[in-house]
Each structure stands twice: as structure tokens, then as C-alpha cells.
Amino acid sequence: MTESTPKKPRLLLIEDSPDTRQIYKDVFEREGFQVLLAEDGQKGLSYAQATLPDVILLDLMLPKLNGFDLLTCLRVQEETRRIPVAIFSALADSADRKKAADLGVTEYAEKALNSQIGRASCR
């Protein structure tokens, strides 16, 4: 009898920044996920519908279809409405968080803004 290899959970990462996509792909693959990538909201929605991933990591500010609209589409379709979605976005005000919560987001994490990186003074 052969021992079967456990199935890797599938994570769909929807992020428009190539650098951020690669960093998170590497991190989640090391954690044992099979990582699927989409660089815009339309592709992300298509991949979610076609692959039914175990979890989605979603940026909100995306080209072609923003994260909120993508979430709305996922939640109205029977096949995708129960997929856990975690938001990772630079949008962090309470209205954005409430809108995401109303759409059934599992987690909401704030990205560090690029403008804040490297602000230390060398005086």
C-alpha cells in the first residue's frame, strides 16, 4: 500500500504589484500552499470561478475590476460565496473595513505604504 501525499491547499493571490505577488507566492509556497496568481480583478474572478481555491488573498486596488466589485461577484455566486477571503490592502479606513466585513471578508490586513518606507532622516 502506498502512502498518499496530502493535497496542498490552493491559495489564489490577486495582486497587481509583481514584486508583492512574488514575495507572497514564495512565502505561501514555503508554508505548503499551491499558489495561483492573478494580476488584475478580472483574471482573479475568472481564476476563482474556474479553480475554486481554498482561500483568496485579495488586494482592493486592482486594475480592470476592483477588489470590492470582485468580492461582490464572488458572494452572489453559489460556487464561490463560501471561499474565505483575506484582504491585504493600503485602504485602511473604517469605511473600507466595514464594506469588506459586510461582504464577508475573513481577515483584513493593512499594507505598509511605500511612501512611509525609507523616511528615516540621515541628519
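The values are calculated or read from the model by the stated rules, or taken from the named source; none is laboratory data. Only a predicted model underlies this, so the values are computations on that prediction, with no experimental measurement involved. Glycine gets a Cβ as well: all are built from the backbone with ideal geometry, and neighbour counts include every protein chain shown. The protein model used for the area step is the full one, side chains on, heavy atoms only, and it has no ligands, DNA or RNA in it. Shrake-Rupley method; radii C 1.70, N 1.55, O 1.52, S 1.80 Å.
Hey, can you tell me all the residues within region 100-120 that are assigned to a loop (DSSP other than H, G, I, E, B), open to solvent by 80 Å² or more (accessible area, probe 1.4 Å) and modelled with pLDDT under 70? Listed by number, the residues that qualify are I117, R119, A120. Note on region 72-86: among residues that are of a type in the set (V, I, T) and part of a helix (DSSP H, G or I), the one that is least open to solvent (accessible area, probe 1.4 Å) is T72.
Look at D16 and say whether it is surrounded by fewer than 21 Cβ atoms within 10 Å (Cβ to Cβ) and either closer than 18 Å to E110 by Cα or of a type in the set (V, I, T) (or both). Spelling it out, D16 is indeed surrounded by fewer than 21 Cβ atoms within 10 Å (Cβ to Cβ) and either closer than 18 Å to E110 by Cα or of a type in the set (V, I, T) (or both). Residues of region 57-69 that are touching a Ser or Thr at 6+ places or on another chain (Cβ under 9 Å), aliphatic (A, V, I, L, M) and open to solvent by less than 30 Å² (accessible area, probe 1.4 Å): L58, L60.
Only one of the listed residues (T80, T20) is among the hydroxyl-bearing types (S, T, Y) and within 21 Å of D102 (Cα to Cα). That residue is T80.
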